[in-house]
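Below you'll find the structure, written out as structure tokens, and then a few comments.
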Amino acid sequence: MTNPGFDEQVRNFAQDNGIPSLQVAVYPDPFDLETDAQLREKSEKIVVPQIIDALTKPIKELKGPIVKGDSRAIVFTGTIDQINRYFTKMGWSDGMSITPPTREKVEEFLKYTDYPSDQEIAVLPVANLKATPWNIAVNGVMAGCRPEYMPILIAAVQAIADPDFRYRDHGGSTHSFTNFFWVNGPIARQLGIDHGQGLIANPVNSVLGRAMSFIERNIAGFRIKETQMGSFGKQLSWFLAEDEEAMRKLGWEPFHVEKGFAKDANTLSAGYSTLWGRNLIPSTSDSKILMQIMAYGMVNTEAFASGITGSRRYVLIAPGVAKIFAEGGYTKKSLRHDLIKTGRKITHEAIFSKVYGSFGPVYSSFEAELQKALKDKNTQKGMLPPWYPRLPGWENIETSPAIRQVEFIICGDPARNKVQTLAGGPGTAIKEIKLPAKWDELMAKAGYRPLKEFFLK
């Protein structure tokens, strides 16, 4: 049983998973906005008859089996304008101009990987199609990528396919989750993946993000009004790099080193968020107050604006702000500890958000959920965050944790006092970027300096 619009999505999901004739009952309105009486009446009058029909009437004649075409076949021949119109009509493009993926251009991309062109890199939901170097390259060409970006795209596909990323859970969500990726290691500096001012709008970053959006569309099978159900749409994926040189000066470890990789390893990490981020402009040189105002911003940046307060926070910190923390004695580990300890909400407020801003689960009454929360061991008295006034009796106000998972990425304009908090989900993944054996030779021909020159000293 589902809502209007989702019935077609459910059928598509079912067919992609080997169930060609799934029977679906449709409830006509949003569940969460209905009273108990409305739910009961509409279920009895509208939904139950559909269920009875589905169980008792013959199943309609099935369509023939889906015929999978040859991914190397020429699908269209024409002018640039004709190609763009055809690809948009077929749902392969986002409507903006593409670079036609000719065989010659795709073959150029394949030079930058040692994987055979037809080797399975991953199987992506919801279409459960096999991602190969060939079809990854096709989407990279369309997006305007250069051939040498191929190892980045392969690693990104491996990351979203990782079960820890939970792509099946959020890829087509109504919450409009946007995937984003960040690159660590000398490869980011060699390719010019930007970590400074304007980073995600840098041409290299932009085309990589667009390529991953095409891969979502054409290999994973997430398309608007079919299987991509973002209520207000979905932004293009985006890329950035971490400013490892700034972190070296601060004595902080880059993200990939935190996760166990060598400092000169090349890695790609993937996350997702419901929005591009909430911008914070701290105005203090006191590292403790800076931590507190950051915690305040994070507490008030919930995953769905309301409904869940414990989601993973990705925090983009400009190097100048990170410097204040480092000079104040903070490490990433101690900063994370203090943010989680400080970032609390008044329990009454947190439960109000949870019950009336539900992101899917159906809860009991506000009072019942509040009483349950007050019995939770993490609910404490006397731990009111510093941004609340200490009015008489404040010691008896119960608060609950609002921050549980925090990831830091040091990047952005070093001349600005900026912090950007992204409210993401629990899924994340990191993959090593595998370069072909002849990488240095290929890059020299393309006009690049050797990779070793981009190692940090």
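Observations, loosely collected:
- All positions within segment 187-237 that are modelled with pLDDT of 85 or more and basic (Lys, Arg): Arg189, Arg210, Arg217
- The set of residues in segment 418-452 that are surrounded by fewer than 18 Cβ atoms within 10 Å (Cβ to Cβ) and touching a Lys or Arg at 6+ places or on another chain (Cβ under 9 Å) comprises Pro426, Pro436, Lys438, Asp440, Leu442, Ala446.
- The set of residues in segment 164-177 that are buried (at least 21 other Cβ atoms within 10 Å of the Cβ) and within 10 Å of the chain's Cα centre (by Cα) comprises Phe165, Tyr167, Gly171, Phe177.
- Screening segment 27-115 for helices (runs of 4 or more DSSP H) wholly inside it with 2 or more residues that are acidic (Asp, Glu) and either surrounded by 12 or more Cβ atoms within 10 Å (Cβ to Cβ) or at pLDDT below 85 (or both) returns the ranges 36-42, 103-110.
- Subset of segment 320-338 [of a type in the set (Gly, Ala, Ser) and part of a loop (DSSP other than H, G, I, E, B)]: Gly328, Gly329
- Helices (runs of 4 or more DSSP H) lying entirely in segment 219-300 (those with 2 or more residues that are over 25 Å from the mean Cα position of the chain (by Cα)): 244-250, 287-299
- Residues (in contact (Cβ under 8 Å) with a residue 12 or more places away in the chain and part of a helix (DSSP H, G or I)) located in segment 339-349: Leu339, Ile340, Thr342, Thr347, His348
- Residues being touching a strand residue (DSSP E or B) at 6+ places or on another chain (Cβ under 7 Å) and surrounded by fewer than 21 Cβ atoms within 10 Å (Cβ to Cβ) - total across segment 404-417: 3
- Boolean, Ala131 is touching a residue at least 40 places away in the same chain (Cβ under 8 Å) and crowded, with 22+ Cβ neighbours inside 10 Å: yes
- Taken together, the residues in segment 416-437 that are farther than 26 Å from Ile403 by Cβ and touching a Ser or Thr at 6+ places or on another chain (Cβ under 9 Å) amount to 6.
The values are calculated or read from the model by the stated rules, or taken from the named source; none is laboratory data. Remember, predicted model here, so these are calculated numbers, not experimental data. Virtual Cβ from ideal backbone geometry, glycine too; neighbours counted across all protein chains shown.
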